[in-house]
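The values are calculated or read from the model by the stated rules, or taken from the named source; none is laboratory data. Everything numeric here is computed off the predicted structure, so don't read it as measured data. No Cβ is skipped: glycine too gets one built from the backbone with ideal geometry, and neighbour counts run over all protein chains shown.
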């Protein structure tokens, strides 16, 4: 399972979904799905934009969790 840490990162940086959407041009719905971890697919361009905007690496945004870790 792929875990997205966007909500945690946004909290640390005190950012709102609307801030990121406005500043990056990423669709608000896309950011919301990543924030709520309901996204089933994400364009690589969106991942790159988020990482650049938040000044993080892909590994800081996403984490692979084994199934046993989620139970």
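Observations on the model:
- Residues within segment 37-47 that are in a helix (DSSP H, G or I) and touching a helix residue (DSSP H, G or I) at 6+ places or on another chain (Cβ under 9 Å), tallied: 2
- Residues satisfying the stated conditions in segment 16-26, i.e. surrounded by fewer than 18 Cβ atoms within 10 Å (Cβ to Cβ) and without any contact (Cβ under 8 Å) to a residue 24 or more places away in the chain: 16, 18, 19, 21, 22
- Residues that are out of contact with any strand residue (DSSP E or B) (no Cβ under 7 Å at 6 or more places or on another chain) and modelled with pLDDT under 95 within segment 43-71 comprise 66, 67, 68, 69, 70, 71, listed in sequence order.
- The number of residues in segment 48-65 being touching a residue at least 12 places away in the same chain (Cβ under 8 Å) and outside any helix (DSSP H, G or I) comes to 5.
- Looking at 9, 34, just one residue is surrounded by 13 or more Cβ atoms within 10 Å (Cβ to Cβ), touching a strand residue (DSSP E or B) at 6+ places or on another chain (Cβ under 7 Å) and assigned to a helix (DSSP H, G or I), and that residue is 34.
- In segment 35-47, the residues that are on the phi > 0 side of the Ramachandran plot reach residues that are surrounded by 10 or more Cβ atoms within 10 Å (Cβ to Cβ) with C-beta atoms within less than 6 angstrom, at least six apart or across chains, in these pairs: 37/4.
- Total residues in segment 19-31, condition in a helix (DSSP H, G or I) and either closer than 18 Å to residue 63 by Cα or in contact with a helix residue (DSSP H, G or I) (Cβ under 7 Å, 6 or more places away or on another chain) (or both): 7
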